[in-house]
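To start, the structure under review is shown below, and the notes come after it.
What follows is calculated from the coordinates using simple rules that are stated; it is not laboratory data. Keep in mind that what you see is a predicted model, and the values were worked out from it rather than measured. Methodologically, a virtual Cβ is constructed for each residue, glycine included, from the backbone with ideal geometry; neighbour enumeration extends over all protein chains shown.
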Amino acid sequence: MFVPAVFSSRRAFAQLPPLPNVAPSDALLLRPGDAQFSTYEPAFNARTMLTPQLRAMCKTPNGVGVMVDWCRSNSLAFALRCGGHSYEGFSQSTSVVIDTRMINAISVDKAAKTVTVGAGASLGAIYKAVWPHNLAFAAGSCPTVGISGHALGGGYGNLARPFGLTCDNLLSIDLVDPQGHQLHADTQQNPDLFWACRGGGGGSFGVATGYRFSLRPLNSVLVFKIDWSGISLVRAVSIMKQWQAWAPQAPAWRRH
């Protein structure tokens, strides 16, 4: 996704130009006061929440392309939103928000051990889709985090040691470029763009609309808890020193 407010914010509070001609099947355009507007406004960090003049709930890549072209043509500041977990509020804008949460289809290919997801899917929805196939997706532990911000920023999770970051498991990505054109990137097509989208640019090379990821067989899961309550500071320091001395010589993880 683009770094939000790519264009000048001088018009952020100005009257919006006529809205783009976008089909209802491609996007739902919501203004403050509309019946569904407040439904899509809440974000994880309430302190950085902003009320946009327009929230475009895009349903298709074509809808995203229309909105990007409209914002660019009218020099409007905008932000991109998926899960809304950005602590810094990068998915917020007082001008326009292009929201991808309705692009959330998930398809699992058990034979190929891959999952294809829309840019608005949440981690929890992806986990629910892959677990019946005894396959695992290397990503974070919070189910409401959106896949786009997570994957494009790297994506650390509990399976990172054996399977890498979420971006390490990215096989291809579909994007809308700054001119509103749809692009596909993988190791063969637009390989430099693909490389840049694997955690290296904070999602600033286009608006992601879809992804394909590798899945991993996972036959057993061990759940455990470490409780540090009641340990004195002296004991805690001793434990950490011992762990730091042990960790560099620990046996390498073996993938099964």
(Q) What are the extents of the Cα atoms of the stretch 58-126 along their three principal axes, in Å, largest first? (A) 46, 28, 14
Q: For an R0 of 30 angstrom, estimate the FRET efficiency from the Cβ-Cβ distance between TRP246 and LYS113 and round to the nearest 0.05.
A: 0.30
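Once the Cα gyration tensor of the stretch 106-217 is found, what semi-axes does its equivalent ellipsoid get, as square roots of 5 times the eigenvalues, in whole Å, sorted largest first?
For the stretch 106-217, the ellipsoid semi-axes come out as 22, 14, 13 Å.
Counting other C-beta atoms within 10 Å, which of ILE98, ILE231 has the fewest, and how do the rest follow?
Listing ILE98, ILE231 from fewest to most nearby Cβ atoms yields ILE231, ILE98.
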Q | Radius of gyration and maximum dimension Dmax of the stretch 208-256, Cα, Å | A | 18.2, 51
Q. Going by average Cβ neighbours within 10 Å, how do the peptides 62-68, 154-160 rank, with the highest at the top?
A. 62-68, 154-160
Q: May I ask you to give the average projected area over all directions of the convex hull of the Cα atoms of the stretch 9-99, in nm² rounded to one decimal?
A: 5.6
Q: In nm, give the distance between the simple-model label positions of CYS142 and ARG161, each being 7 Å from the Cα along the Cα-to-Cβ direction.
A: 2.3
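So what is the calculated 222 nm ellipticity per residue for the chain, using -39500 (n - 2.57) for each DSSP H run with n of 4 or more, over all residues, to the nearest 500 deg cm²/dmol?
Working: 6 runs with 51 residues, N = 256.
Roughly -5500 deg cm²/dmol at 222 nm, from the helical runs in the chain.
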